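Beneath this line is the structure, given in structure tokens, with notes to follow.
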Amino acid sequence: MSLSLAERVARVVRDVPDFPKPGITFKDITPLLADATLMREVVRAMQAPFAGAGITHVVAMESRGFLFGVPMALDLGAAFVPVRKPGKLPWRTASERYALEYGDDTLEMHVDAVEPGARVLLVDDVLATGGTAAAAARLVERHGGVIAGLSVLMELGFLRGRDALGDRRTEAVWVVR
């Protein structure tokens, strides 16, 4: 019996306890990145639900979202837009603040990265609490972009990140229960 893609991803992503701080279990995707065949399958699976959605822009969140967003943008024939932490983009930016468990953070995007009416696919490696994805969606929508959905490698389902996204379509290759 062959394993599903989600099962194969689960087998290679390793848990790193107490990283980056005590009590956190970090999901290390570097073994997945080292497997070109599996990585190709993951990228195809992440973009497949949106293949007919008229995507014009793939907006990916810093930094591991870039690893999936760029090949997806190329395959979809769409522009790639990086969304980054403050001070990392070289030109004029718009920003969006969002709450974290302890404090807050900010995302930035170039002011000309998404034009009104653009059909946007948000991409990240992990959906946890949904704060980052929801902030990126608000940033895109404030510039007139239309969110076609969010695609992630893995969703930490027990953190209920979908709740922060409202009715926005969300697809995950692997849902960690």
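The values are calculated or read from the model by the stated rules, or taken from the named source; none is laboratory data. Being a predicted model, the structure only gives us computed values, none of them experimental. Quick reminder, even Gly has a Cβ in these numbers, built from the backbone with ideal geometry, and neighbours come from all protein chains shown.
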Would you point out which residue out of 15, 35, 28, 75 is of a type in the set (Asp, Glu) and exposed (fewer than 11 other Cβ atoms within 10 Å of the Cβ)?
15
Among the residues of region 140-175, which ones are crowded, with 18+ Cβ neighbours inside 10 Å, closer than 22 Å to residue 43 by Cβ and of a type in the set (A, V, I, L, M, F, W, C)?
140, 147, 148, 150, 152, 153, 154, 156, 165, 172, 173, 174
Does region 86-101 contain at least one residue that is modelled with pLDDT of 95 or more, aliphatic (A, V, I, L, M) and under 17 Å from the mean Cα position of the chain (by Cα)?
no
Using the structure shown, decide if residue 16 is part of a strand (DSSP E or B) and either among the aromatic types (Phe, Trp, Tyr) or touching a residue at least 12 places away in the same chain (Cβ under 8 Å) (or both).
yes
Give me the pairs, please: first residue somewhere in region 50-75 and under 20 Å from residue 38 (Cβ atoms), second residue anywhere and assigned to a strand (DSSP E or B) and of a type in the set (S, T, N, Q), beta-carbon distance under 8 Å, and either six or more positions apart or on two chains.
68/151; 72/151
Could we say that residue 86 is under 18 Å from residue 149 (Cβ atoms), touching an Asp or Glu at 6+ places or on another chain (Cβ under 7 Å) and surrounded by fewer than 23 Cβ atoms within 10 Å (Cβ to Cβ) here?
no
Some residue of region 75-85 being among the aliphatic types (A, V, I, L, M), more than 19 Å from residue 170 (Cβ to Cβ) and in contact with a Ser or Thr (Cβ under 9 Å, 6 or more places away or on another chain):
yes
Name the residues in region 1-12 that are surrounded by 10 or more Cβ atoms within 10 Å (Cβ to Cβ) and in a loop (DSSP other than H, G, I, E, B), would you?
3, 4
Considering every residue within region 111-119, establish whether at least one is surrounded by 18 or more Cβ atoms within 10 Å (Cβ to Cβ), without any contact (Cβ under 8 Å) to a residue 60 or more places away in the chain and among the aliphatic types (A, V, I, L, M).
yes
Condition check: under 16 Å from the mean Cα position of the chain (by Cα), crowded, with 18+ Cβ neighbours inside 10 Å and not in a loop (DSSP other than H, G, I, E, B). Does residue 60 satisfy that?
yes
Selected residue [surrounded by 19 or more Cβ atoms within 10 Å (Cβ to Cβ), at pLDDT 95 or above, closer than 20 Å to residue 54 by Cβ and under 17 Å from the mean Cα position of the chain (by Cα)] from 133, 137
137
Every residue in region 40-57 that is under 22 Å from residue 8 (Cβ atoms) and surrounded by 19 or more Cβ atoms within 10 Å (Cβ to Cβ), please.
42, 43, 46, 47, 50
Among the residues of region 10-65, which ones are under 29 Å from residue 96 (Cβ atoms) and touching a Pro at 6+ places or on another chain (Cβ under 6 Å)?
25, 43
What is the one condition in (1) surrounded by 10 or more Cβ atoms within 10 Å (Cβ to Cβ); (2) over 14 Å from residue 154 (Cβ atoms) that residue 22 does not satisfy?
(1)
